[in-house]
Structure formats: C-alpha cells, structure tokens
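The values are calculated or read from the model by the stated rules, or taken from the named source; none is laboratory data. What you see is a predicted model; the values in this text were computed from it and never measured. So basically every Cβ, Gly included, is an ideal-geometry build from the backbone, and we count neighbours across all protein chains shown.
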Ligand code: UDP
Ligand code: MG
C-alpha cells in the first residue's frame, strides 16, 4: 500500500469543498486497483465563509479528510507550503478546490510515475474563458521570464502536480518567505513529465485573483528568480555615458568650426527629465529587491495555524 496525499488550498471555497471530494472519489476504483490509500488535506487559507465547517462535515463521514486552518489569509503560496509540510504521503498531489485541476487526470499521471518520473506536471494549452488582456500579459510574463531567468518556468503551467516524497522534501527544504512555487518546481529539478490539457472553467464561486494581484504576483516571480533587473542600472549608465561622450565631442567640434553661441534650453530639459526618469526607475528596482530581502531576513513564519486535525 502506498499513501497519496492530496493537498487542496481553499480560500472561501465553501461551495466547492464537498463537490471536490465527490469528484475526487470518482477515482476510488483506480485507487483500489493500484493499492493507493488516500489522505485529503484541505488547507483553509483564512476563509471568511463556511469552508472550515464544510471540511468538518466531511471529516465526520471520512477519517481520511484533514484540515490545516490558518489564522488569516496568507495567500495560496503559503497554503501550498503548509499542505506539503503536513503531507505524509509517498506521493503528493497539489490540486485547486475549484476543480480546474480535473481529478480524472490522476490515473494517467500515475501511469507516468510508474515509468520512472519524479513528477508529473500539468499545463493548459488554451486559456479559454479567460479575459484576453489577462492572457496577453500572462504570455508576456512567461516570455520575459524565459529571457531573464535561468530557472525553467513553463508557459501555462498550473500548480496541479504529482510528486514523489523525495521532490516534496526538496521543496519544503526551501524555506524562503517570498514563495513563487512555479519557479521553485523548476529550480529543484527532478525528472518531470508534462501533461497538457484544455483549460477547464472554475466549477463554482469566483476567482480570487484580480489583475492587480496577478501583476504583483508576477513581480514576486521576477524578483525571486532573476537578478537581471538589478543589472539594468549599470547597462543604462554605460549607455548614457556613451551618448554623453559623443555629444561632448559633437559640441566641441561644432563650437570650434562654427563658433555657435550656447542655446538649447528645451533639449536640456528633455535630457534632464529623461535621465532622472531612468534613475528613479532603477532606484525603484533596487527598492523591490531591498524590500524582498528585508522580508526574508525577518524570518517570519510562512503561515500560522489556528486549527488542525
Ligand atoms: N487560494 C488560496 N489563497 C488565496 C487565493 C486562492 O488558497 O489567497 C486557492 C483557491 O481557493 C483555489 C486556488 O487557490 O483553490 C486557485 O485560486 P483561483 O481558482 O481563485 O485562481 P485561478 O484559478 O482563477 O487562477
Ligand atoms: Mg481557479
């Protein structure tokens, strides 16, 4: 018998908790055939609705259901970490509560594990049902990351992933506070098999991510897995020095040959505005990394538990 831990981060998912459970158990025959026993860990990320009550109801029916409930909303990344830390399985799978990660893929995922992969990850090939602006910026983000980071971050990758104990241990050994799981998966390596599927829309309830939250999350990803932006100031500095040098030569030559009187207030204003703009931008980038470092050195816990069973 091997144990499979199913980690489900939930933030205000009262409508989905039992629905997810039912859909998952449609695979019960498969689990029995493969001699897999289950452990379902719902991580309540400080929900304000009846999520915890729903999980308790399930627990009364089924002792395989577990709960880790946070003292407040710590974000999905923290919920994933808590779930992995509390999972005792030989295999662990991460799944969203809203059924956007179809449990029907599990048998196929397991078949690849048997072929010797350490992890089976999923990515959606379409972004059906998503606002076009959101898809556009998501694509831009993955393209940019490909250029500026050495860690592989797959376009359209979901957090839906089946992993061996060994890989899970590697991930929980990474105690960083600013967690960007999509990058962490790539960073730890191991042999990963990618499974593609069409996007599935959320079963019930609403998405917890608006455009602004996603934008900030992408900045987290960049600062966590690339230091290229920090080089921008040096590159720009060299670039402006070269331009300044050429301008100086040009002005001296022009003065010697044509004896031009000094003029050009408007161009000077433009130059000053431009260079100070670039300087502020670069200081801002420094600030981003400094802020992340500041949060990291405080060594605060990644999550706090209020209730657990
Ligand atoms: N989630 C969470 N904490 C948060 C936001 C989301 O645990 O602060 C969970 C949420 O309950 C869901 C999963 O993360 O199970 C994915 O969230 P959502 O479906 O809202 O994101 P989307 O699929 O729209 O990207
Ligand atoms: Mg979703």
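Assuming residue 143 fulfils every condition listed in (1) at pLDDT below 90; (2) more than 20 Å from residue 44 (Cβ to Cβ); (3) more than 11 Å from ligand 1 (Cβ to nearest atom); (4) not in a helix (DSSP H, G or I) apart from one, which condition is it?
(4)
Has segment 212-219 got any residue that is under 30 Å from residue 9 (Cβ atoms), within 16 Å of ligand 2 (Cβ to nearest atom) and exposed (fewer than 14 other Cβ atoms within 10 Å of the Cβ)?
Within segment 212-219, one or more residues are under 30 Å from residue 9 (Cβ atoms), within 16 Å of ligand 2 (Cβ to nearest atom) and exposed (fewer than 14 other Cβ atoms within 10 Å of the Cβ).
Only one of these conditions is not met by residue 180: (1) in contact with a helix residue (DSSP H, G or I) (Cβ under 7 Å, 6 or more places away or on another chain); (2) surrounded by 18 or more Cβ atoms within 10 Å (Cβ to Cβ); (3) modelled with pLDDT of 90 or more. Which number is it?
Exception for residue 180: condition (3).
Starting from segment 168-180, keep only residues that are more than 17 Å from residue 224 (Cβ to Cβ), then list their pairs with residues that are in a loop (DSSP other than H, G, I, E, B) whose Cβ atoms are within a distance under 9 Å, requiring at least 6 positions of separation or different chains.
Matching pairs, first to second residue: 168/87; 168/89.
Is there a residue being surrounded by 12 or more Cβ atoms within 10 Å (Cβ to Cβ) and under 23 Å from residue 10 (Cα atoms) anywhere in segment 141-150?
No, segment 141-150 contains no residue that is surrounded by 12 or more Cβ atoms within 10 Å (Cβ to Cβ) and under 23 Å from residue 10 (Cα atoms).
Please work out which one of (1) within 16 Å of ligand 2 (Cβ to nearest atom); (2) closer than 16 Å to residue 100 by Cβ; (3) over 12 Å from the mean Cα position of the chain (by Cα); (4) touching a residue at least 12 places away in the same chain (Cβ under 8 Å) is the condition residue 157 fails and give its number.
With (1) within 16 Å of ligand 2 (Cβ to nearest atom); (2) closer than 16 Å to residue 100 by Cβ; (3) over 12 Å from the mean Cα position of the chain (by Cα); (4) touching a residue at least 12 places away in the same chain (Cβ under 8 Å) applied to residue 157, the lone miss is (3).
Can you find even one residue in segment 103-110 that is within 16 Å of ligand 2 (Cβ to nearest atom) and touching a residue at least 12 places away in the same chain (Cβ under 8 Å)?
yes
Conditions first: (1) outside any loop (DSSP other than H, G, I, E, B); (2) within 16 Å of ligand 1 (Cβ to nearest atom); (3) modelled with pLDDT under 90; (4) touching a helix residue (DSSP H, G or I) at 6+ places or on another chain (Cβ under 9 Å). Residue 236 passes all but one, so which condition is the exception?
(2)
Give the residues of segment 111-120 that are without any contact (Cβ under 8 Å) to a residue 60 or more places away in the chain and outside any helix (DSSP H, G or I), sorted by residue number.
Selection gives nothing.
Looking only at segment 7-23, which residues are away from ligand 2 (no atom under 16 Å from the Cβ) and buried (at least 20 other Cβ atoms within 10 Å of the Cβ)?
21
Identify, from the list 83, 88, the residue that is more than 10 Å from ligand 1 (Cβ to nearest atom) and either surrounded by fewer than 19 Cβ atoms within 10 Å (Cβ to Cβ) or in a helix (DSSP H, G or I) (or both).
Of the residues listed, the single one that is more than 10 Å from ligand 1 (Cβ to nearest atom) and either surrounded by fewer than 19 Cβ atoms within 10 Å (Cβ to Cβ) or in a helix (DSSP H, G or I) (or both) is 88.
This table checks each residue for (1) touching a helix residue (DSSP H, G or I) at 6+ places or on another chain (Cβ under 6 Å); (2) in contact (Cβ under 8 Å) with a residue 24 or more places away in the chain; (3) within 12 Å of ligand 1 (Cβ to nearest atom).
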position	(1), (2), (3)
36	no, yes, no
44	yes, yes, yes
47	no, yes, yes
60	no, no, no
79	no, yes, yes
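Can you tell me which residue is nearest to residue 16 (Cα to Cα) among those in segment 26-55 that are in contact with a strand residue (DSSP E or B) (Cβ under 8 Å, 6 or more places away or on another chain), part of a helix (DSSP H, G or I) and at pLDDT 90 or above?
Residue satisfying both the conditions and the ranking: 51.
Could we say that residue 223 is touching a residue at least 40 places away in the same chain (Cβ under 8 Å) and loosely packed, with under 13 Cβ neighbours inside 10 Å here?
When the stated conditions are applied, residue 223 does not pass them.
Among the numbered criteria (1) at positive phi; (2) surrounded by 16 or more Cβ atoms within 10 Å (Cβ to Cβ); (3) out of contact with any strand residue (DSSP E or B) (no Cβ under 8 Å at 6 or more places or on another chain), which one does residue 116 miss?
For residue 116, the exception is condition (2).
Does segment 255-278 hold any residues that are closer than 27 Å to residue 236 by Cα and touching a helix residue (DSSP H, G or I) at 6+ places or on another chain (Cβ under 8 Å), and which are they?
Across segment 255-278, the qualifying residues are 275, 278.
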